[in-house]
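Each remark here refers to the structure printed beneath this line.
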Amino acid sequence: MAAGTGIYITWITGAIILSIAMMPLFKPPYAKLRLEGFIDMFRRYWAHMIVVFSVYLWKDLLDGMDRVLMASTKLDMTPYVYAIEGDIVLWVQQELRNAALDQMLTHFYVMGFMTATFASFLYPIYFDDRHMADRVSLSMFWVYIISIPFFLFFNVGVTGDHIPAMQTIAYDLTPEIHNWFTRIDPFSNGMPSLHIGLPFAIWLTMQRWDEDGRWVNYRNFLIVFMLVTAFSIIYLGIHWIVDIIGGMAVAILAVELTAKTHSSIWRVADERLFSRRLARAIADPGKSLRGTLSSVYSVFEPLKEPNKRQTSVIIATLLLSTAFVLLWDATHQDFPVEGVEWPTSAAGSDGWLVSVEEVPDGSLEISVW
């Protein structure tokens, strides 16, 4: 078994069991618990599951790009965050440090987050609250999407690795936990804190669209969870206070995007429509194909004479494409992005690059990559 796999299985199993065990506490007043509901939710909400769990498919890819990007460009914003905050988080850890908190908060940091994330998605789809499931799943998705530029270009390290006297309690609690974190965490994705951003986005979503108060108990639970989480990530030597503020800002933006996009997205991706489309395709394949082509054509038809909004979308697409090309270039080169300012000579061999720079004051600088 790979190092750290055992503790991960324990955490995720505990999160699933705990989420299911709490269902009687947070279910809507009208709802009943039955085993058939777990089967029904897969049939009714499989597209929602793809939207939410797709983030885990490209998380490893992004973490790998982040590691390469940092190695190539030395992008590190941690000193600037430290200049703003100073040793506030260190005071919290030193004043309250004890062994019992070390153990409890480390397991809460991982398993508690898994529980809150899983339960927040599970409850609306199990109890067939499509109105809320549409919005919660999109808010979770948008939180991850908005966070990507920060994780790639605004690298903030954990407090325990930057402040000399600070301890990374959670990462070093046991050798098994340390090995697991080392494999899955680049330790540079502090800003924004998704341990705050994700539950805060879910809370905002439920606060905004829970029209009859059926989720009020769960909303109150999320408030308590976020307060404990905020203390945990500071105490454990992981996040800065600025990371928490960043997570909340990302959550607010994600919910606003959900408000603007949920109608158009679920008009296309609603699971109930797929069976109808499939039935029509089987009954009359030609008509179904013509309808599909007509729909595609109608999407691109306005581009013949684009208005202001469409022009803005095209410009944004071009800018994003350029940014992705630059990102690819930055993560697939040995020469740093910042380059050299006063090159005199350079030589390379066997994967190494040496440059000699004669700076204006007459001195020489030799850099090796």
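Every read-out reported here was derived from the displayed coordinates using simple, explicitly stated rules and does not represent laboratory data. Please read all numbers here as calculations on a predicted model, not as lab measurements. Virtual Cβ from ideal backbone geometry, glycine too; neighbours counted across all protein chains shown.
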Protection-proxy order for peptides 217-225, 135-143, each taking the mean of Cβ atoms within 10 Å per residue, highest first: 135-143, 217-225
Would you mind calculating the gained length between TRP46 and PHE231 on full extension (0.36 nm times residue separation, minus the Cα-Cα distance), in nm to one decimal? 63.1 nm
In nm, give the distance between the simple-model label positions of ILE252 and GLN103, each being 7 Å from the Cα along the Cα-to-Cβ direction. 4.0
Applied in sequence order to the stretch 25-32, the curve 6.51 cos²θ - 1.76 cosθ + 1.60 (Karplus, θ = phi - 60°) yields integer Hz couplings, x standing for Gly and Pro, of 6, 10, 5, x, x, 7, 7, 10
Could you list MET132, MET104 so that the one with the fewest beta carbons within 10 Å of its beta carbon is first and the one with the most is last? MET104, MET132
Cut-off is 10 Å between beta-carbons; in what order do LEU364, LEU173 appear when sorted fewest neighbours first? LEU364, LEU173
If the chain between SER263 and ILE16 were fully stretched, how many nm would it gain, using 0.36 nm times the residue separation less the Cα-Cα distance? 85.9 nm
Ranked by Cβ crowding within 10 angstrom, fewest neighbours first, how are TRP46, TRP203, TRP266 ordered? TRP46, TRP266, TRP203
Could you derive backbone 3J(HN,Hα) for the stretch 146-154 from the dihedral phi with the Karplus parameters 6.51, -1.76 and 1.60 (θ = phi - 60°), listing whole Hz in sequence and x where the residue is Gly or Pro? 5, 6, 4, x, 5, 5, 8, 10, 10
